[in-house]
C-alpha cells in the first residue's frame, strides 16, 4: 500500500475525566477513514472512556512507549528487516 493512501482522522473521544477530547488517528486506507470517524463518534456518544489518543510520532514511533502511556493509536510505520 502506498503512503499516499494514509489519512489522519480527527475524532472526538470521551476522556476518563468525563470531558470530550479530540484525538488523531492515522488510518491505513483513505477508504476506511469515514468509517473510523463514525465508530469513534458512536463510542463518544456512548461515553466509552479512552485514556489518550495521540499520534504515534509523539512516542518516537515506539509501540511500547505508546502502550505504557495507555495511548490508543492506529497505523505505525515500521521497516521490514532485511528489505529496503
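Which numbered condition trips up residue 73, out of (1) touching a helix residue (DSSP H, G or I) at 6+ places or on another chain (Cβ under 7 Å); (2) free of Cβ contacts under 8 Å to residues at least 40 places away in the same chain? For residue 73, the exception is condition (2).
Please specify each residue of region 4-14 satisfying the condition of being closer than 17 Å to residue 73 by Cβ, surrounded by fewer than 16 Cβ atoms within 10 Å (Cβ to Cβ) and free of Cβ contacts under 8 Å to residues at least 40 places away in the same chain. Within region 4-14, 10 is the sole residue that qualifies.
Hey, among the residues in region 21-34 that are touching a helix residue (DSSP H, G or I) at 6+ places or on another chain (Cβ under 7 Å) and exposed (fewer than 14 other Cβ atoms within 10 Å of the Cβ), which one's modelled with the lowest pLDDT? Here the answer is 29. The residue pairs whose first member lies in region 26-39 and is in contact (Cβ under 8 Å) with a residue 60 or more places away in the chain, whose second member is surrounded by 13 or more Cβ atoms within 10 Å (Cβ to Cβ) and part of a helix (DSSP H, G or I), and whose beta carbons are closer than 9 Å, counting only pairs six or more residues apart or on different chains, do not exist in this structure.
Looking at this structure, is residue 79 in contact with a helix residue (DSSP H, G or I) (Cβ under 9 Å, 6 or more places away or on another chain), exposed (fewer than 10 other Cβ atoms within 10 Å of the Cβ) and modelled with pLDDT under 95? No; evaluated as a whole, the condition is false for this residue.
The values are calculated or read from the model by the stated rules, or taken from the named source; none is laboratory data. All figures in this text were calculated on a predicted structure; none of them were measured in a lab. Positions of Cβ are backbone-derived with ideal geometry, glycine not excepted, and every protein chain shown enters the neighbour counts.
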